[in-house]
Amino acid sequence: MKHGLRGILPVAPTPFLDDGRVDEDGMRRVLDFLVDAGVDAICILANYSEQFALSDEERDRLMRISLGHVAGRVPVIVTISHFHTGTVVARARAAEAMGAAMVMMMPPYHGAGLKADAQGIFEHFAAVNDAIGIPIMVQDAPLSGVELPVPLLARMARELERVSYFKIECPFAADKLAALIAEAGEHVEGPFDGEEGVTLLADLDAGATGTMTSALLPDRIRPIVIDYLEGRHGDALAGWQACLPLINHENRQCGLRAAKTVLKEGGVIRSDHVRHPLRPMSSRTRARLLDLAHRLDVLALRWGR
């Protein structure tokens, strides 16, 4: 990766067969679909990849399959989050050794009662910073329940050379992005948002240079980001308004199941299975999802046919 990333960096779902086994061929097809959709990078083993439902052996196998199959066609970001600093360092080194362009990590947390303080969080990221030579993306998500105040994020950006990308997907993300950019300046190489792009225009207004969405409709979201960054703000707004009903349904009703359902409908993967205790979405929610996806004619519904 010679230049800073911008645009769309979607999370690749982990396909399972109906019996719950990892679908290795399906994983390769998901990656091919995302490359064909024109994405700027692919993120694997993230929360929307059901990383929390994978064994260590499955993680390693999926990382090897993904990096080998993408083979440099686009950069691959490997999520390495773990509570234990030593485990995160080991995962970071393994990802770099296999060819990852970047790693992404959340602050250490384990339920409501086990969280590091600000200095512990800084040291957690510093250990990874000192162990690898590729960029680190900080994932600031409400899932962790950990507060990452702007001064702490700015300190990491200024003092840790490889901490240069930030995925801000907490409430009022736009204000936090703007404050982080104002405080850390050039040390923030990649300010990104998440949350499936539901606040994308506000976050771009605040200075975001890209978004990390699911794999549901990257072919429709990337033009919005590029239009905005190239000054065509009216076109960006129109594109976002067209996508917003589907984005909102994914974000508020479906979660990580949405991309799998549409990818299965389009023949990209064989099953939309999610691992227990997650459950399939209701037929009502699925019907609305597919109706909205067909109205937008998303690539996922056509790619595998």
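PHE33 - would you say it is at pLDDT below 95 and either buried (at least 19 other Cβ atoms within 10 Å of the Cβ) or assigned to a helix (DSSP H, G or I) (or both)?
When the stated conditions are applied, PHE33 does not pass them.
Scanning for something modelled with pLDDT of 95 or more and under 22 Å from PHE125 (Cα atoms), does the range 143-150 turn up at least one residue?
Within the range 143-150, one or more residues are modelled with pLDDT of 95 or more and under 22 Å from PHE125 (Cα atoms).
From (1) among the hydroxyl-bearing types (Ser, Thr, Tyr); (2) more than 20 Å from LEU256 (Cβ to Cβ); (3) over 14 Å from the mean Cα position of the chain (by Cα), pick out the condition that doesn't hold for TYR165.
(3)
Residue under question is VAL138, and the condition is that it be surrounded by 15 or more Cβ atoms within 10 Å (Cβ to Cβ), under 21 Å from THR211 (Cβ atoms) and more than 20 Å from the chain's Cα centre (by Cα); does it hold?
Working: surrounded by 15 or more Cβ atoms within 10 Å (Cβ to Cβ): yes; under 21 Å from THR211 (Cβ atoms): yes; more than 20 Å from the chain's Cα centre (by Cα): no.
Spelling it out, it is not the case that VAL138 is surrounded by 15 or more Cβ atoms within 10 Å (Cβ to Cβ), under 21 Å from THR211 (Cβ atoms) and more than 20 Å from the chain's Cα centre (by Cα).
Just the residues that are in a helix (DSSP H, G or I) and surrounded by 19 or more Cβ atoms within 10 Å (Cβ to Cβ), please, taken from the range 67-87.
LEU67, VAL70
Residues in the range 91-130 that are assigned to a helix (DSSP H, G or I), out of contact with any helix residue (DSSP H, G or I) (no Cβ under 9 Å at 6 or more places or on another chain) and among the small types (Gly, Ala, Ser): how many?
Residues flagged as assigned to a helix (DSSP H, G or I), out of contact with any helix residue (DSSP H, G or I) (no Cβ under 9 Å at 6 or more places or on another chain) and among the small types (Gly, Ala, Ser) within the range 91-130 amount to 1.
Determine, yes or no, whether GLY255 is surrounded by fewer than 22 Cβ atoms within 10 Å (Cβ to Cβ) and closer than 30 Å to ARG158 by Cα.
When the stated conditions are applied, GLY255 does not pass them.
Considering every residue within the range 227-237, establish whether at least one is of a type outside the set (Gly, Ala, Ser) and crowded, with 20+ Cβ neighbours inside 10 Å.
Yes, the range 227-237 contains a residue that is of a type outside the set (Gly, Ala, Ser) and crowded, with 20+ Cβ neighbours inside 10 Å.
Does LEU301 meet the test of being among the hydrophobic types (A, V, I, L, M, F, W, C), buried (at least 23 other Cβ atoms within 10 Å of the Cβ) and either at pLDDT 95 or above or over 25 Å from LEU143 (Cβ atoms) (or both)?
No: the conditions fail for LEU301.
Which condition from (1) in contact (Cβ under 8 Å) with a residue 40 or more places away in the chain; (2) outside any loop (DSSP other than H, G, I, E, B); (3) buried (at least 23 other Cβ atoms within 10 Å of the Cβ) is the one that THR14 breaks?
Only one criterion is unmet by THR14, namely (2).
Any chance the range 45-56 includes a residue that's in a helix (DSSP H, G or I), at pLDDT 95 or above and more than 16 Å from the chain's Cα centre (by Cα)?
Yes, some residue in the range 45-56 is in a helix (DSSP H, G or I), at pLDDT 95 or above and more than 16 Å from the chain's Cα centre (by Cα).
Could you please find all residues in the range 169-198 being touching a residue at least 40 places away in the same chain (Cβ under 8 Å), touching a strand residue (DSSP E or B) at 6+ places or on another chain (Cβ under 7 Å) and of a type outside the set (D, E, K, R)?
GLY190, PHE192, GLY194, GLY197
Need a quick list: helices (runs of 4 or more DSSP H) entirely within the range 137-253 having at least 1 residues that are of a type in the set (Lys, Arg) and within 28 Å of GLY113 (Cβ to Cβ).
Once the helices (runs of 4 or more DSSP H) in the range 137-253 are filtered for at least 1 residues that are of a type in the set (Lys, Arg) and within 28 Å of GLY113 (Cβ to Cβ), what remains is 150-159, 173-184.
Taking ARG64 as meeting all but one of (1) in a loop (DSSP other than H, G, I, E, B); (2) closer than 23 Å to HIS273 by Cα, write down the number of the exception.
The single condition ARG64 does not satisfy is (1).
Out of all the residues in the range 228-236, is one or more more than 18 Å from the chain's Cα centre (by Cα) and among the aromatic types (Phe, Trp, Tyr)? Walk me through it before giving the result.
We begin by selecting, within the range 228-236, every residue more than 18 Å from the chain's Cα centre (by Cα); these are 228-236.
Those left that are additionally among the aromatic types (Phe, Trp, Tyr): 228.
Within the range 228-236, one or more residues are more than 18 Å from the chain's Cα centre (by Cα) and among the aromatic types (Phe, Trp, Tyr).
The values are calculated or read from the model by the stated rules, or taken from the named source; none is laboratory data. Computed from a predicted model, the values in this text were never measured in an experiment. All Cβ positions, even for glycine, are placed from backbone atoms using ideal geometry, and neighbour counts span all protein chains on display.
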